[in-house]
Amino acid sequence: MTALLAIAIREYASNFRTSLGWIVIALYLLLSGFWVAFATINPGEPASLRVFFSISQWLLLIVAPAISMRLVSEELRTGTIEPLMAAPISEWQAIPAKYLGALAFFITMLAPTLLYVGVLELVADPDYGPLLAGYAGLILVGMLYLAVGLVISTFTQSQVVALLATFFFFIALHILGTQIADRASPRIGAALRYASLAPRIGDFAKGVVELRHVVFFVAWSCFAIAVGVISLESRRWR
Amino acid sequence: MIVARDVHKSFGHVRAVRGVSFDIPTGQVVGILGPNGAGKSTTIRMLVGAMPPTSGSISVDNLDCVDHSRRVRQRLGYLPENNPIYPEMRVTEYLRFRAALYGITAKHRRAAVARVIERCWLTDMRSRRAGQLSKGYRQRLGLAASLIHNPPVLVLDEPTTGLDPSQIAETRRLVRELSGQRTMLIVSHILPEVEKTCDRILVFAGGTIRADGSPETLINQAAGPARIIVELKTNDRERARSVIASAPGVASAMAIDTDGQWTRVEATANNNADPREPIAGACAQANLAIRELTRERPSLERLYLRITEAVADELRTQPGADS
């Protein structure tokens, strides 16, 4: 537990020690802020952050991989993985710890967006149910993006490759789920629609929290983390 | 303490380690020498649990490095080659992090960090970022990190690569100080370093151990008959040669150079004889002045070169058996 916490904290803190962490936060807030300012705060519009939540799922496609790309790739490239894994810790500690560090940074990045809620409160009377659902959705999506990004970062020493591979993985998933699913055979189509994230994220943005969506994101994130553990562990078998 | 039994390691068709066995008792400081690609680092990396042997076993305190990897790692302090450290972390912060990885509780962490900072002369640098340290200090930080849990075994992979001569001397002094009760394995291809620091030397080449013994034993093994260099005041090369060759204890002599009135002769002694005194006597009798009379000290370098050249020849004659 001591080791797990130490790795998670180191991972979290390292985001603030490099310009990358700050750039990621700044870009996300800037872009999401634009949408809130120009598409949400309009007279006559409903007092919700629906636009913010929908646009965020697209922004996260690039923001989350930018957070996860370093996780293992950088350690592989600089060689710090060697002293790390020479310590008496297991991959089942190291990988979940790194994931928690990244997730904590991700949630920290979302925290300033509560300001949008404050602004909404000032100018209107928002309904807090959909807002909570929206944030739950963002965090769940972030969890999955980061977990897949983490797995991919165990495969390569190059952060750029990790970033692009994660990005294209989710883009492909989206295209398969929306464009290809209807043209595929019924069984494959159903599988593709199951894997498609957009409808699930859409539900959260609308304020609907469905248990099956929650289970989907949590379960697949756990699965991805387990794959990450095995991928790192396999270095010891070679 | 550390026992390797017929360890083999292959990467695809490349056989990096081919049947390595050794026993290292507690407290011994062992130098592992060998050219690049000799299998030194591979052996070390199997010891620290980074990869399993293809066959054979390595154990520390009777704990197998594969089956009890974590318990073995708890007993090892390891300084990897190139000493990778997170550059953004401060010295004390990094050491606290390493302490936590070894399960040292928050209560004892401060004391452990203070101990290694003092031990490795890092006091002035404690709040520096690792990325801003000079190479010498970085190396000390790596050593401090490997000592944080006070391990009974210390494994140092090329501890002085990339350091300047004064940093090398300093690191070597620190390593010698650290040895004390500890079992130490020092991988190096710098001969004087190993000769000065270690009780015992293993010479690796072509994936096997080619020589094993104390530095003195190995040097004597390598020495063969001594070489003697004499410079005599004469420009008659043949006369110079025959005077030296006539001295008792000299097996053969050869004039190698003449510079004005001085001739340089290289002689080989009979077995272990030291014929310097007879040579001086013979020269005095022949009325020839001497300005140099040296017996070449046998060195580890000779053994090392002999072994590595022999292995290189072997590999040339066995195509495909790359190491």
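Here are the numbers for this structure:
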quantity	calculated
About the Cα centre, charge dipole magnitude for the range A:99-238 (Lys/Arg +1, Asp/Glu -1 at Cβ), debye	740 debye
About the Cα centre, charge dipole magnitude for the protein assembly as shown (Lys/Arg +1, Asp/Glu -1 at Cβ), debye	600 debye
Karplus-derived HN-Hα couplings along the range B:161-173 (A = 6.51, B = -1.76, C = 1.60, θ = phi - 60°), whole Hz, x at Gly and Pro	4, x, 9, 7, x, 6, 5, 4, 4, 5, 4, 5, 5
Span from the the range B:204-252 Cα centroid across to the the range A:138-161 one, whole angstrom	64 Å
Hypothetical label at B:THR217: residues of the range B:29-69 whose amide nitrogen lies under 18 Å (7 Å Cα-Cβ projection)	B:29-34
Size of electric dipole in the range B:173-243: Cβ of Lys, Arg +1 and of Asp, Glu -1, about Cα centre, debye, nearest 20	140 debye
Spatially proximal lysines relative to B:LYS196 (Cα-Cα < 20 Å; intrachain offsets below 8 disregarded)	B:LYS40
Solvent-accessible area of A:ILE9 with every protein chain in place, 1.4 Å probe, in Å² to the nearest 10	110 Å²
Cα centroid of the range A:199-238 to Cα centroid of the range B:30-76, whole Å	36 Å
Largest-first ellipsoid semi-axes for chain B, taking √(5λ) over the Cα gyration tensor eigenvalues, angstrom	48, 25, 16
Accessible area (Å², 1.4 Å probe, nearest 10) - A:TYR194	110 Å²
Efficiency of FRET from Cβ geometry, B:HIS8 and A:LEU27, R₀ 56 Å, rounded to 0.05	0.60
Carbon/sulfur fraction of accessible area - the range B:36-118, other protein chains in place, 1.4 Å, %	46 percent
Positive dipole terminus of the range B:184-270, leading residue within B:ILE229, B:ALA211, B:ALA240 (C-beta point charges)	B:ALA240
Antiparallel bridges, percent of DSSP beta bridges restricted to the protein assembly as shown (to nearest 5)	70 percent
Three-way shape call for chain A based on the alpha-carbon gyration tensor, with the a/c threshold at 1.5	oblate
Selected from A:VAL227, A:ILE171, A:ILE152, residue furthest toward positive end of dipole (the range A:148-227; charges at beta carbon)	A:ILE171
Gap separating the Cα centres of the range A:1-69 and the range B:159-177, nearest whole Å	46 Å
Whichever aspartates and glutamates have a C-alpha closer than 15 Å to that of B:LYS9, once near sequence neighbours (fewer than 8 apart) are set aside	B:ASP322
Other-chain or far-sequence residues with amide H under 5 Å of B:VAL187's (modelled H)	B:ILE32, B:LEU156, B:ASP157, B:GLU158
Debye log10 I(q)/I(0) at q = 0.14, 0.27 Å⁻¹ for the range B:127-200, Cα point scatterers	-0.43, -1.45
222 nm mean residue ellipticity, helices alone, for chain B (DSSP H n ≥ 4; -39,500 (n - 2.57); rounded to 500)	-11500 deg cm²/dmol
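The values are calculated or read from the model by the stated rules, or taken from the named source; none is laboratory data. The model shown is predicted, which means the values in this text are computed figures rather than measured ones. No Cβ is skipped: glycine too gets one built from the backbone with ideal geometry, and neighbour counts run over all protein chains shown. In case anyone asks, the SASA skips ligands and DNA or RNA and just uses the protein heavy atoms, side chains included. Shrake-Rupley method; radii C 1.70, N 1.55, O 1.52, S 1.80 Å.
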